[in-house]
Amino acid sequence: MDILVIGSGGRESAICWSVAKSKSAGRIYCAPGNPGTSKYAGSVDLKADDIKGLLKFAKEKKIGMTIVGPEAPLVAGIVDVFEAEGLKIFGPNKAASQMEGSKAFTKNLLKKYKIPTADFGEFDDSLGAMNYIRANKKYPVVIKADGLAAGKGVIIAANESEALNAVKDIMDNRVFGPAGSKVVIEEFLFGQEASILAFTDGETVLALPPSQDHKRIFDDDKGPNTGGMGAYAPAPLITPLMAEKIKSEILLPTVAALKSEGITYKGILYAGIMMTKNGPKVLEYNVRFGDPETQAVLPLLRTDLVELCLACAKGTLSFMKLEIDEKAAITVVLASKGYPGNYENGFEIKGLDAFDGMKDLFVFHAGTARKDNRVVTAGGRVLDVTAVAKDIRTAIDLVYKNIDKVYFEGVYYRKDVGRKALI
Ligand code: AMP
Ligand code: GLY
């Protein structure tokens with residue numbers, strides 16, 4: 001069957017790479033795609049949020065399965081639109097996508113069904129939020145804009161004046177745009193974070209190996225937050241026993257809670273988990289594959305990705321099993337100089353074919369473009385170099401021994417991706 005992948009980042013590059021290995025995949029398209037996805041998938045000149053255009057394309061080409069990468073089209077209801085036309089699509093519908101689209105929705109659901117998460121208050125006026133902060137007095141405290149804010153929208157305030165300013169910035173000055181019409185104020189959780197990406201059809205949950213993102217720009221988790229500078233899997237922080245506990249006490253109860261609310265969640269459920277001294281707690285849910293976690297996790301997946309997507313869409317996931325390579329993978333993001341602040345685009349990328357034909361080293365394109373037969377930088381996060389090896393130590397050595405073979409002016413990457421796994 002023909003497949004359409006929606007998106008254009010490193011995550012979508014890894015999805016296209018994985019789909020290309022599927023026995024069920026015929027022609028593969030990626031909208032809009034990038035020079036990296038074009039190795040596996042024909043690029044379609046449609047933006048990821050052009051739902052009408054994508055629907056028309058999928059109908060014309062008789063696409064058998066559409067896989068949605070980013071959250072924006074999911075939250076906007078692309079799944080409802082495709083399903084209404086009888087098209088198969090992988091991802092949660094609009095109601096289910098509130099799990100990422102509204103922090104207040106998720107927090108209230110978790111509270112109602114007693115699923116472990118940080119204590120919180122929800123406010124749609126700044127006065128109420130400020131009174132709560134003044135009465136609460138526990139620091140740090142976490143202030144979150146309610147709606148989608150492109151991975152931003154979370155402020156960790158060290159004291160009362162920072163917390164009050166955060167509320168003013170989010171609600172009165174709307175620094176994160178309309179997402180600031182409501183805030184969630186949360187207890188700060190101490191611990192290490194892990195990402196659990198799980199396939200679900202609304203009943204069965206099959207979790208991929210746990211991974212860890214590296215959100216800060218500099219080594220040792222210093223500097224401002226980014227979209228993610230690297231990831232590795234499996235994260236030893238989550239032992240197999242703990243993974244079972246997270247599945248039975250968090251993931252399964254979450255899909256069951258949604259079901260009780262009349263919502264069948266289909267697609268990837270991505271849990272951001274904080275391992276606290278009182279056990280795992282939900283930091284957030286995302287409704288799609290993580291970026292860059294996917295670039296480290298999919299290379300470990302042996303089961304056919306297209307078959308998994310179909311089973312989620314059809315509600316037959318209980319007949320599937322996840323086969324996972326007993327190996328480790330690491331992905332390191334090559335970023336433009338200046339990211340996550342201002343940066344320049346258009347630098348030629350050299351060495352992109354350095355790992356061609358290799359089974360344990362890959363370059364996934366994230367922010368790249370083609371210009372006069374050359375591939376140039378076209379984003380803050382430009383490329384993801386992934387290595388797979390028998391264990392995490394070997395994977396780290398492999399990636400860092402080879403990473404400089406791919407090069408562009410001003411290239412920056414973290415040197416400590418995966419180090420936490422060795423402690
Ligand atoms: P979110 O988008 O809700 O995951 O928040 C982004 C990041 O902020 C998380 O990955 C955590 O690093 C941090 N964070 C969010 N909520 C909390 C919390 N309650 N306690 C500690 N850190 C948090
Ligand atoms: N790795 C963070 C995210 O995908 O949201």
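Annotations
- There is no residue in segment 209-217 that is modelled with pLDDT of 95 or more, touching a Leu at 6+ places or on another chain (Cβ under 6 Å) and among the small types (G, A, S).
- The set of residues in segment 292-336 being in contact with a helix residue (DSSP H, G or I) (Cβ under 8 Å, 6 or more places away or on another chain), buried (at least 18 other Cβ atoms within 10 Å of the Cβ) and not in a strand (DSSP E or B) consists of P292, T294, Q295, L298, P299, L305, V306, L308, A311, L317, M320, K327.
- Considering segment 233-260, the residues that are within 30 Å of G379 (Cα to Cα) and away from ligand 1 (no atom under 16 Å from the Cβ) include one that is farthest from the chain's Cα centre (by Cα), namely P234.
- Residues (out of contact with any strand residue (DSSP E or B) (no Cβ under 9 Å at 6 or more places or on another chain) and not in a helix (DSSP H, G or I)) located in segment 219-257: P236, T239
- Scanning segment 158-192 for residues that are within 16 Å of ligand 2 (Cβ to nearest atom) and either of a type in the set (F, W, Y) or surrounded by fewer than 16 Cβ atoms within 10 Å (Cβ to Cβ) (or both) yields F176, Q192.
- Residues that are in contact (Cβ under 8 Å) with a residue 40 or more places away in the chain, within 12 Å of ligand 1 (Cβ to nearest atom) and within 21 Å of T386 (Cβ to Cβ) within segment 188-232 comprise E193, A194, S195, Q212, D213, H214, T226, G227, G228, listed in sequence order.
- Filtered residues of segment 4-42 (kept if outside any loop (DSSP other than H, G, I, E, B), hydroxyl-bearing (S, T, Y), away from ligand 2 (no atom under 16 Å from the Cβ) and over 18 Å from L55 (Cβ atoms)): S18, T37, S38
- Test: residue in segment 149-157 that is at pLDDT 90 or above and either assigned to a strand (DSSP E or B) or more than 19 Å from P253 (Cα to Cα) (or both): yes
The values are calculated or read from the model by the stated rules, or taken from the named source; none is laboratory data. Keep in mind the model is a prediction, meaning the values are calculated, not measured. Virtual Cβ from ideal backbone geometry, glycine too; neighbours counted across all protein chains shown.
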